[in-house]
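Notes for the one structure printed next.
The values are calculated or read from the model by the stated rules, or taken from the named source; none is laboratory data. What you see is a predicted model; the values in this text were computed from it and never measured. As a convention, Cβ positions derive from the backbone with ideal geometry for all residues, glycine included, and neighbour counts pool all protein chains shown.
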Amino acid sequence: MNATSISPQTLAINGGEPVRATLLPYGRQSVDEADIQAVIEVLRSDWLTTGPKVAEFEEAFAARVGAAHALTFSSGTAALHAAAFAAGLKPGDEAITTPLTFAATANCVLYQGATPIFADVCRDTLNLDPEQIASKISPRTRALLPVDYAGHPADLTPILEIAQRHGVAVIEDACHALGAEYEGKRVGSIADMTVFSFHPVKHITTGEGGMVATSNAQLAETLRRFRNHGISSEARQRQSAGQWHYEMVLLGFNYRLPDFACVLGLQQLKRLDANLARRREIAARYTAAFNQIPGVTSPEVRPGANPAWHLYPIRLDLEKLTTDRAQIFRALRAENIGVNVHYIPVHMHPYYRGQFGYEGGEYPVAEHAYEQLISLPMFHAMSEQDVEDVIHAVAKLAEHYGKR
Ligand SMILES: Cc1ncc(COP(=O)(O)O)c(C=O)c1O
């Protein structure tokens, strides 16, 4: 391409000036000086793990999400595994979940030797479709595992109704949805167990970390034991009681979250409301802008849902564009917009194809959505300029690739 053909609208992928000089990631953590000081204080204390910060974080978190109990875990994946165990999943059982999620949601069922059964998603929210769940229920079903995709709560009222009718548990994977609300209720206060993640791209972070919220005391006790080798007491309890005796009552794991991670979580939790407000502001600005751009569809929000906006996945209307998602993805990256794709449907991964014989075509709504999805940058520390850069880049591409 010669220099005279390079205008401000020339795409970076074609040799033009990128919208930004440096890459804007799709998500990232915010850690402030007070967070760092709080972690240092714990590092200087007697308890690096199983100390007082664990219970403090759990109590503050339970109060925030409206559950009676919250139990920390070393990751969201460990928390999902524990919830699958506490729900009683075992070989021969099935749990129904969505294909449009991170593999960990379905993997936790496999960890228990049970079988994940996928059901297709709703066209608007891309969350598990209750009608599809109903068609997949069998005498072997023991749990339903909806995911709050991108932070929009799953359709929990009909899902809970189905679960009650069949006497099965609901494990809500709310790894995207800390702070979301559904029909006026807080996510964390609705399902039998609700699972959260504190990976750095999430609403609050502990580095790695997870939590299960529940209002069922018996489930809480099982979860507590499962994360500590299946032992019925914790080290600090034994120390304060001056006791050495302990009993292992079930086969658990070491899934504990250390105190220095819990104190970071406690600190971060204080900023959750501010983080959510900023994410909602960014989502509103994006949606207003993309409503004016042909070829781009914003995520839908159902009445009664207040999403937490972990992600902002746009859908490309490929009928109106002269190219495909892969090219738009590469072109946005070239503009220094750090986009991502959530998700390759789980059943299409080689492991699931190999184990279960999926060939593609089984879940048409999820598979079709996958071809169209691109997650744009969405994190609470984004500046106004960052947001405008994303909008500018999307508009530039839509103009270039739009059918006339
Ligand atoms: C929907 C969903 N479930 C589970 C997980 C697993 O969480 P973690 O990374 O904390 O293990 C993630 C992580 O991104 C997720 O997005």
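Couple of notes before you dig in:
- Sole residue being surrounded by 15 or more Cβ atoms within 10 Å (Cβ to Cβ), of a type outside the set (Ser, Thr, Tyr) and at pLDDT 95 or above, chosen from ASN254, ASN291, ASN275: ASN275
- Of the residues making up region 223-253, those that are of a type outside the set (Gly, Ala, Ser) and either in a helix (DSSP H, G or I) or closer than 20 Å to HIS69 by Cβ (or both) number 16.
- When SER74 is tested against the conditions (1) more than 13 Å from the ligand (Cβ to nearest atom); (2) surrounded by fewer than 24 Cβ atoms within 10 Å (Cβ to Cβ), the lone failure is (1).
Condition check ((1) under 28 Å from GLU371 (Cβ atoms); (2) surrounded by fewer than 24 Cβ atoms within 10 Å (Cβ to Cβ); (3) within 12 Å of the ligand (Cβ to nearest atom)) across all residues:
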position	(1), (2), (3)
ALA83	no, no, yes
ALA87	no, no, no
PRO91	no, yes, no
ILE96	yes, no, no
ALA106	yes, no, yes
GLY113	no, yes, no
ARG123	yes, yes, no
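- Of the residues making up region 159-216, those that are touching a His at 6+ places or on another chain (Cβ under 8 Å) and of a type in the set (Lys, Arg) number 1.
- Selection of region 183-202 for residues being in contact with a Gly (Cβ under 9 Å, 6 or more places away or on another chain), over 13 Å from PHE61 (Cα atoms) and not in a strand (DSSP E or B) yields GLU183, GLY184, ILE190, HIS199, PRO200, VAL201, LYS202.
- ALA366 being in contact with a strand residue (DSSP E or B) (Cβ under 7 Å, 6 or more places away or on another chain) and surrounded by 14 or more Cβ atoms within 10 Å (Cβ to Cβ): yes
- All positions within region 357-375 that are in contact (Cβ under 8 Å) with a residue 12 or more places away in the chain and over 21 Å from the mean Cα position of the chain (by Cα): GLY360, GLU362, PRO364
- Flag for VAL65 being under 18 Å from TYR182 (Cβ atoms) and within 15 Å of the ligand (Cβ to nearest atom): no
- Just one of the listed residues (ALA177, ALA163, ALA220, ALA150) is at pLDDT 95 or above, of a type outside the set (D, E, K, R), within 13 Å of the ligand (Cβ to nearest atom) and not in a loop (DSSP other than H, G, I, E, B), namely ALA150.
- Number of residues in region 189-233 that are in contact with a helix residue (DSSP H, G or I) (Cβ under 8 Å, 6 or more places away or on another chain), farther than 23 Å from PRO313 by Cβ and of a type outside the set (A, V, I, L, M): the value is 11.
- Screening region 183-204 for residues that are of a type outside the set (A, V, I, L, M, F, W, C) and crowded, with 24+ Cβ neighbours inside 10 Å and picking the one that is farthest from the ligand (Cβ to nearest atom) gives GLY188.
- ALA169 being more than 18 Å from TYR363 (Cα to Cα) and not polar (S, T, N, Q): yes
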